[in-house]
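Input: a single structure, listed below in structure tokens.
The values are calculated or read from the model by the stated rules, or taken from the named source; none is laboratory data. Given the structure is predicted, the values throughout are model-derived calculations rather than measurements. Here the Cβ positions follow ideal geometry from the backbone for every residue, glycine too, while neighbour counts run over all protein chains shown.
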Amino acid sequence: MRSIYLDHAATTPLRQEAYEAMIPYLTESFGNPSSIHAFGRKVRKDLEDARERVANALKVQPREIFFTGGGTEADNIAILGVAARLKDKGRHIITSAVEHHAVLHTCEALEKQGYALTVLPVDKYGMVTPADLEKAIGAETILVSIMHANNEVGTVQPIKELAAIAHERGALFHTDAVQTVGNIPVDIEDLGVDLLSASAHKIYGPKGVGLLYVRKGTKLANIAYGGAQERSIRPGTENVAGIMGFARALELAVAEQPETSRHLTVLRDKLIKGLTALPDVCLNGHPQQRLPGNANVSVERVEGESLILSLDMAGIAVSSGSACTSGSLEPSHVLMAMGLSHQRAHGSLRFTLGKSTSAEDIDYVLEVMPGIIERLRQMSPVQSGR
Amino acid sequence: MYSEKVMDHFQNPRNVGVLEDANGIGEVGNMRCGDIMKLYIKVGDNEIIEDIKFQTFGCGAAIATSSMITEIVKGMSIAEAEKVSNRQVAEELDGLPPAKMHCSNLAADALRAAIANYRENKQR
């Protein structure tokens, strides 16, 4: 049977070059980078070299890069670190309704601690309106955190404009760029953000490693305590092999990005066109301002998990925003914030394409989808027009 | 995540569709939580469930439990069928993931709703 992986927004396979970059640090170069002896010094040198290569790929300074245990940890360090550091300046934080839970739940935790939280709404495409930020921001606002692109529907936010508004009012700006770094052009200087989170395993690097970019001069309070690693912002012995794999994967992703984007956009558009040509299947997210590899659709009168199971039986791996797959009783907060009906949210399907996706893979998906939808619709008591 | 039995019932559901000559129809669930089950029963003069069909909008567990209950109660008296619980349906499927036990395990409720509807119809 065919086996087609179309869930690259969840995670990607480790690329060969990243794997090879990791091996020495799992074997002979095992030293602790904090050690003074030769074993440690060698690894320290390689680690700092990796930091420099990452900084070069992102066109920032090595001192602005802090390696973390992944995107979620980077988000936590940024948000909790700014909130604690600037609590005497103000206690208002602004985020959006479509953030990843790593941001949304962190902001909600601060709200429980007494911070004021504004969660900006989004339009039907999942886009934040800059005018809404202008209205919400005030003298008490210390931080605005809005993701670069959404992991579910792929909508790319107007970060440059939003960051400029935050800065006019003296607030810091953080963006979760886990879905964009290495996937679309990310010019940190041009975007004007103060803090940015990225992750390795979304760009063919290893799991369990990410980074937080912190603009020079931006001060964070510690949220965890230990040694002086990563200038105490992320204490704990560095995940050296992970960092080496991340650096290699990031360099390559950034270098290959224009070509990868072109390849993915063609396939994505072919998939979206084919899927939305089916009866009562519609696109979720922005028609243009979306990630090159993301196709998210809702299939009317069918529930998402049953679509995933059916596609899985046909060898196709995808995800959904239905309640059954979100692990809660409610469908995806992203789709609900976009104003989708419960039925459309429960019937959502996310296809996220990757480097290895071929035109034949898309043809195969489009070949099996009509039969799968038809079978489930025949079982459904929900009739069209309801 | 799902047992082989659940996957079998999901893939090859028994008794799917609308029962044109049903004399009891039960519908439970709602679109908010994403599960809607509709059960059709044809009860004979001897109070035996002679035929049963279902239509379900929902996840794999919702479809499998609907299919399973039709197998369990077909040919049963309504008095006996009423005693079948959601837990029993899940057990017959070799269990369901814990998260599915409360949200998608409604087939017995749908059956009781269909039996109640049959009794109402009969009194008219």
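Okay, here's what the table says:
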item: Filtered residue count, the range A:305-324, keeping only those that are more than 19 Å from residue A:371 (Cα to Cα) and more than 8 Å from chain B (Cβ to nearest Cβ); result: 1
item: Subset of the range A:268-294 [part of a loop (DSSP other than H, G, I, E, B) and away from chain B (no Cβ under 14 Å)]; result: A:277, A:278, A:279, A:285, A:286, A:287, A:288, A:289, A:291, A:292, A:293
item: Pair list, Cβ < 9 Å and 6+ apart or interchain, from the range A:336-361 residues that are surrounded by fewer than 18 Cβ atoms within 10 Å (Cβ to Cβ) to residues that are part of a loop (DSSP other than H, G, I, E, B) and aliphatic (A, V, I, L, M); result: A:336/A:97; A:339/A:122; A:341/B:31
item: Residue count, the range A:273-317 (criterion: within 21 Å of the chain's Cα centre (by Cα) and aliphatic (A, V, I, L, M)); result: 5
item: Strands (runs of 3 or more DSSP E) contained in the range A:21-129 and holding at least 2 residues among the polar types (S, T, N, Q); result: A:92-96
item: Subset of the range B:1-47 [of a type in the set (A, V, I, L, M) and loosely packed, with under 15 Cβ neighbours inside 10 Å]; result: B:1, B:18
item: The range B:15-56, residues that are of a type in the set (Asp, Glu), under 16 Å from residue B:82 (Cα atoms) and in contact with a helix residue (DSSP H, G or I) (Cβ under 9 Å, 6 or more places away or on another chain); result: B:27, B:47
item: Top-ranked residue in the range B:85-124 [being crowded, with 19+ Cβ neighbours inside 10 Å and part of a loop (DSSP other than H, G, I, E, B); ranked as nearest to the other protein chains (Cβ to nearest Cβ)]; result: B:104
item: The range B:42-62 - residue that is under 10 Å from the mean Cα position of the chain (by Cα) and more than 9 Å from every other protein chain (Cβ to nearest Cβ) and, of those, farthest from residue B:79 (Cα to Cα); result: B:53
item: Odd one out for residue B:71, checked against (1) under 20 Å from residue A:343 (Cβ atoms); (2) assigned to a helix (DSSP H, G or I); result: (1)
item: Per-region count, the range A:122-158, residues more than 15 Å from residue A:169 (Cβ to Cβ) and surrounded by fewer than 21 Cβ atoms within 10 Å (Cβ to Cβ); result: 6
item: Residues (surrounded by fewer than 16 Cβ atoms within 10 Å (Cβ to Cβ), among the basic types (Lys, Arg) and within 30 Å of residue A:264 (Cα to Cα)) located in the range A:1-46; result: A:2
item: Filter pass, residue B:16 being under 30 Å from residue B:124 (Cβ atoms), more than 10 Å from every other protein chain (Cβ to nearest Cβ) and of a type in the set (A, V, I, L, M, F, W, C); result: no
item: Subset of the range B:4-49 [within 15 Å of residue A:380 (Cβ to Cβ) and part of a helix (DSSP H, G or I)]; result: B:10
item: Residue B:88 vs. criteria within 18 Å of residue A:310 (Cβ to Cβ) and of a type in the set (S, T, N, Q); result: no
item: Of the criteria (1) farther than 13 Å from residue B:26 by Cβ; (2) buried (at least 18 other Cβ atoms within 10 Å of the Cβ); (3) at pLDDT 95 or above, which one residue B:80 fails; result: (2)
item: Sole residue being crowded, with 21+ Cβ neighbours inside 10 Å, within 14 Å of chain B (Cβ to nearest Cβ), touching a residue at least 40 places away in the same chain (Cβ under 8 Å) and not in a helix (DSSP H, G or I), chosen from A:302, A:297; result: A:302
item: Enumeration of residues in the range A:73-131 that are touching a residue at least 40 places away in the same chain (Cβ under 8 Å) and of a type in the set (Asp, Glu); result: A:73, A:75, A:99, A:123
item: Residue that is farthest from the other protein chains (Cβ to nearest Cβ), among those in the range A:366-386 that are under 32 Å from the mean Cα position of the chain (by Cα) and touching a residue at least 12 places away in the same chain (Cβ under 8 Å); result: A:366
item: Check on residue B:62, hydrophobic (A, V, I, L, M, F, W, C), buried (at least 21 other Cβ atoms within 10 Å of the Cβ) and not in a loop (DSSP other than H, G, I, E, B); result: yes
